[in-house]
1. For the stretch B:19-39, which positions are open to solvent by less than 50 Å² (accessible area, probe 1.4 Å), in contact (Cβ under 8 Å) with a residue 24 or more places away in the chain and not small (Gly, Ala, Ser)?
2. Are there any pairs with C-beta distances below 7 angstrom linking a residue in the stretch C:101-120 that is outside any loop (DSSP other than H, G, I, E, B) to a residue that is among the hydroxyl-bearing types (Ser, Thr, Tyr) and surrounded by fewer than 21 Cβ atoms within 10 Å (Cβ to Cβ), with the two at least 6 apart or on different chains, and if so which?
3. Might you check whether a residue that is among the basic types (Lys, Arg), crowded, with 21+ Cβ neighbours inside 10 Å and touching a residue at least 40 places away in the same chain (Cβ under 8 Å) occurs anywhere in the stretch A:40-62?
4. Among (1) within 14 Å of chain B (Cβ to nearest Cβ); (2) under 14 Å from the mean Cα position of the chain (by Cα); (3) part of a strand (DSSP E or B), which single condition is A:Gly134 missing?
5. Kindly indicate whether any position in the stretch C:72-91 is of a type in the set (Lys, Arg) and more than 30 Å from A:Gly123 (Cα to Cα).
6. Are any residues in the stretch B:17-51 over 16 Å from B:Ile149 (Cα atoms) and at the interface with another protein chain (Cβ under 9 Å from one of its Cβ atoms), and if so, which ones?
7. Could you run through the stretch C:4-18 and say how many residues are open to solvent by less than 70 Å² (accessible area, probe 1.4 Å) and without any contact (Cβ under 8 Å) to a residue 40 or more places away in the chain?
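The values are calculated or read from the model by the stated rules, or taken from the named source; none is laboratory data. Being a predicted model, the structure only gives us computed values, none of them experimental. Cβ placement follows ideal geometry from the backbone for every residue including glycine, while neighbour counts extend to all protein chains displayed. Surface areas here come from the heavy atoms of the whole protein model, side chains and all, with no ligands, DNA or RNA. Shrake-Rupley method; radii C 1.70, N 1.55, O 1.52, S 1.80 Å.
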Amino acid sequence: MTDIAARLNELGITLPKPVAPIANYVPFVRSGNLLFISGQIAIGPNGIVTGTLGRDMNIDAGKSAARLCAINLLAQVSAALDNDLNKVRRVVKLGGFIQSEPSFTDIPNVMNGASDLMVELFGDIGRHARFAVGSSSLPMGTAVEVDGIFEVE
Amino acid sequence: MTDIAARLNELGITLPKPVAPIANYVPFVRSGNLLFISGQIAIGPNGIVTGTLGRDMNIDAGKSAARLCAINLLAQVSAALDNDLNKVRRVVKLGGFIQSEPSFTDIPNVMNGASDLMVELFGDIGRHARFAVGSSSLPMGTAVEVDGIFEVE
Amino acid sequence: MTDIAARLNELGITLPKPVAPIANYVPFVRSGNLLFISGQIAIGPNGIVTGTLGRDMNIDAGKSAARLCAINLLAQVSAALDNDLNKVRRVVKLGGFIQSEPSFTDIPNVMNGASDLMVELFGDIGRHARFAVGSSSLPMGTAVEVDGIFEVE
């Protein structure tokens, strides 16, 4: 079995301090073996990554924003599991919203920024169901928002 | 333990007759201890609250619309639980769609109208995971649509 | 008990080969008795059904596109259940995204193309919770995207 913390290191990823909710809700709720993570925006050390695909953001930048959402999801999952990502049994589902112009249709490619990281990190148990859709506006102008469901020990 | 019906009274809320689906689906499905509630629109005694944030609706009106969606969610939860909201063990997740202009980004604040009510009513077990995103168009022009997952006895 | 394969035949539906994900994810994940199916687009024998409600697609065409998404969902469910749809215990929830102009509001009617099929096929256990919202842009310009949660044996 891979140690997920070691794998994070190999990938050069340091999980950030989990992003605090901007409102009267919580970043995660566990029910049975399912862990529901709130929608995470693309926020990193330099603040919120804003932009709209098909207008002022290209696909590579969009993928990076989606990857950042995935990192923020992982930070929440880790916090929910006493900092032990080895307790993840399966990435069940990601829901991806990509801030886009109506004319932009390469939405799955952008969302891959999040999906790829899950598989890089967890291997086969990182393969998940997902949806990916365009959105005309997202919180604080973030380019991407992703929520998730994880099965945990 | 707080009696939730008494707490509803304190909040001055009378649950409406649950809104009938406008289509070939049902307002709730239970699977195990999870209760999945269909997306509820902002409909009240005066009909559907229409409007678009950033165009013809301000944040306070948007929050009220989101609160109305939450009340309609609660009406469905209550109907699913033989009118006994004390059987709710946890508000697990809300999914919020806010009808918005592309330039409107204060989406979390609008969604708080729904989130705040859950915490006012249920206290700590009302704290939930959520996503909140903008949407270019919602059913019948409603300003807000919210669905939910509840853990129940 | 109805045999679902026989019922599919009566409805004149042949399930397609399940659509392969266009990315680094999988079409379904099972967790406990819940089967999570990835968002399915409106793709059929003639390719992707593109179009935007309120611009260049009418409601009947939109309903057909939604029905096609439902057929693609069923193909994935069938693949997940060793081709035995009789193992479905309940259609729990559908999530519908309808590519629409901001002025288009008859979103529930379009989504009925998916919901109706579930009830035609499964009867009462096909009645599901759902949300249906407009989206400014969907993958590859598909008119409709629908994901689903199914309770299975």
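1. B:Val19, B:Pro27, B:Leu34, B:Leu35, B:Phe36, B:Ile37
2. From residues that are outside any loop (DSSP other than H, G, I, E, B), the pairs are C:Gly113/C:Ser64.
3. no
4. For A:Gly134, the exception is condition (2).
5. Taking every residue of the stretch C:72-91 in turn, at least one turns out to be of a type in the set (Lys, Arg) and more than 30 Å from A:Gly123 (Cα to Cα).
6. B:Pro21, B:Ile22, B:Ala23, B:Asn24, B:Tyr25, B:Thr50
7. Total satisfying the criteria: 2.
Listed here are the residues, each with its yes/no results for (1) on the phi > 0 side of the Ramachandran plot; (2) part of a helix (DSSP H, G or I); (3) at pLDDT 95 or above.
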{"position": "B:Val19", "(1), (2), (3)": "no, no, no"}
{"position": "B:Phe36", "(1), (2), (3)": "no, no, yes"}
{"position": "B:Gln40", "(1), (2), (3)": "no, no, yes"}
{"position": "B:Ala61", "(1), (2), (3)": "no, yes, yes"}
{"position": "B:Ala66", "(1), (2), (3)": "no, yes, yes"}
{"position": "B:Gln76", "(1), (2), (3)": "no, yes, yes"}
{"position": "B:Arg89", "(1), (2), (3)": "no, no, yes"}
{"position": "B:Gln99", "(1), (2), (3)": "no, no, yes"}
